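Below: one structure, written as structure tokens.
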Amino acid sequence: MKRLFIIFFLTSINLCAQVKKDSISSIDSLTKIELKKKIKLLQTKLDAIVKDEKKEEVEKTWSVKGKVNFVFNQTSFSNWLAGGENNTAGNIGVNYDFNYINKKLKWDNKIISTYGITHANNQGFRKTDDRFEYNSILALESIEKWYISFFSNFITQFSRGFDYSKDPRLEVSSILSPAYFSFGPGVLWRKSENIRINIAPATSRFIFVSKPFSGMYGVPEGKRSIYGIGLNMSAYLKFNLIENVSVENIIALYSDYTDNPQNIELVELYALKGNRDDTPPLSGAVITDARQAYQQNGSPSVSMQMNLKGAKVWEEMTGNAFNTAGQIAIVLDEIVYSAPGVTTGPIAGGNSEISGSFTLNEAVDLANVLRAGKLPARADIISSEVVGPSLGKEAIHSGTISFMIALVLVLVWMIIYYGKAGGYADIAMILNIILIFGILSGLGAVLTLHGIAGIVLTIGM
């Protein structure tokens, strides 16, 4: 009986399992079509959601991000034998980006504004930072990562600035004095929002000053603005050094084609009309006097007097130049120093005035050239020597040693104190120093003792 019971029990279990399996199979066969319909419906809804998200992402063209910084510190000394001075300082800064993206069109805008002030017991309030800058680049994608661009830049300050080395202090700047406004077309390489380089070979730049600062910041005396055209190159780099720590670099270089451009040499060529013997109609021997003078409007000019022989030939030459709308070249040692035209007809008597857009130094140099033309012999440099001051050489050598010592100490200390993060900071500082030396080398700048001190200060900061 026991054996029969066990067999019956096992058989019952097997039958129940078979019935359950058959039930599941039946359910699956019944709902297969419905499941396919539901899956297809879900897939359709998912595609619609993805499409809507992509559409929303495209339509979301504006992005705004930035930060506001405020720093305040106070230092007070009491019974401090090492010395020091009580002071209070504060600084506020705003750095915001307004970027627009629409398919192939990119428009990056950045506003940087900072202002800092400090107060010491013996010096009163002094400005430590003052800056307002707006940068804008509008770019249309041409090929991958390359854009046709148009940039604009505006830089000024908020308040007056003083030169405290003068007694009494001398006001050297004010709001919108100076103010720099630059714009021009160019080519942009843009890898991302944080990496871009823009080159604008035809950049227009205006410099504005108020009336009290006329004659400063490159603006001619008596004027309140000046226009220049040149090459502008700007770069922007931002990366995360470590978590919650980012490094932002902005570089802007400008070279004016019309006013002592760096690494750009402009040569003005003149075609001189000569005779068979290649001798000039007039030599410097006929000039009795030449000096720097002023016109009625106060601008510099050059006054020149000739003897009787020279006055006769000069009258003929100026008459021909007036009739042919030509110019008369003033040449010394095969170099054309000036080529004035004649606007009033033949000049008789030998007394003439050469005017134009001269600076005071240019007028003095031209007068010296005219007087030098009276010499019967050509002036050649026979020998020259450059004697460097030993004291300055020694100071620069000491500054270089201090730079190396400061660099090594800071690198070691950063690794000891901060560990891995200090190593990352050391790499960033080395790259910063390389960038500084690269820019100085590109501009042809001379590394002086003051420059070394500035680099050492950069390392310490």
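Picking from residues in the range 293-346 that are of a type in the set (Asp, Glu) and modelled with pLDDT under 80, the one that is surrounded by the most Cβ atoms within 10 Å (Cβ to Cβ) is 333. Name the residues in the range 62-96 that are aromatic (Phe, Trp, Tyr), surrounded by 10 or more Cβ atoms within 10 Å (Cβ to Cβ) and at pLDDT below 75, would you? Passing the criteria: only 77. Put simply, of 252, 290 the only residue that is in the same structural domain as residue 105 (by TED's automatic domain parsing), modelled with pLDDT of 80 or more and aliphatic (A, V, I, L, M) is 252.
If I filter the range 105-122 for residues that are in contact with a Leu (Cβ under 7 Å, 6 or more places away or on another chain) and either in the same structural domain as residue 230 (by TED's automatic domain parsing) or in a strand (DSSP E or B) (or both), do I get at least one hit?
Within the range 105-122, one or more residues are in contact with a Leu (Cβ under 7 Å, 6 or more places away or on another chain) and either in the same structural domain as residue 230 (by TED's automatic domain parsing) or in a strand (DSSP E or B) (or both).
Look at (1) in contact with a Leu (Cβ under 6 Å, 6 or more places away or on another chain); (2) over 29 Å from residue 96 (Cβ atoms); (3) hydrophobic (A, V, I, L, M, F, W, C) and you find that residue 213 fails only one, number (1). Every condition in (1) over 14 Å from residue 280 (Cβ atoms); (2) without any contact (Cβ under 8 Å) to a residue 60 or more places away in the chain; (3) assigned to a strand (DSSP E or B) holds for residue 349 except the one numbered (3). In the range 193-221, the residues that are in contact (Cβ under 8 Å) with a residue 40 or more places away in the chain and on the phi < 0 side of the Ramachandran plot reach residues that are surrounded by fewer than 16 Cβ atoms within 10 Å (Cβ to Cβ) and of a type in the set (Lys, Arg) with C-beta atoms within less than 7 angstrom, at least six apart or across chains, in these pairs: 194/238. Here is the figure for the range 223-249: residues that are at pLDDT 85 or above and over 23 Å from the mean Cα position of the chain (by Cα) total 1. Using the structure shown, decide if residue 269 is hydrophobic (A, V, I, L, M, F, W, C) and either at pLDDT 80 or above or surrounded by 12 or more Cβ atoms within 10 Å (Cβ to Cβ) (or both). Criteria not met by residue 269. Residues in the range 156-210 that are assigned to a loop (DSSP other than H, G, I, E, B) and within 18 Å of the chain's Cα centre (by Cα): how many? Matching residues across the range 156-210 total 3. Taking the numbered list (1) assigned to a helix (DSSP H, G or I); (2) under 28 Å from residue 361 (Cβ atoms); (3) in contact (Cβ under 8 Å) with a residue 24 or more places away in the chain in turn, residue 298 passes all entries but (1).
The condition of being assigned to a helix (DSSP H, G or I), over 30 Å from residue 246 (Cα atoms), touching a strand residue (DSSP E or B) at 6+ places or on another chain (Cβ under 9 Å) and modelled with pLDDT of 65 or more holds for only one of 428, 367, 421, that being 367. Within the range 101-115, is even one residue aliphatic (A, V, I, L, M) and exposed (fewer than 13 other Cβ atoms within 10 Å of the Cβ)? Checking the range 101-115: not a single residue is aliphatic (A, V, I, L, M) and exposed (fewer than 13 other Cβ atoms within 10 Å of the Cβ).
The values are calculated or read from the model by the stated rules, or taken from the named source; none is laboratory data. Only a predicted model underlies this, so the values are computations on that prediction, with no experimental measurement involved. Note that each Cβ is placed from the backbone with ideal geometry, even for glycine, and that neighbours are counted across all protein chains shown.
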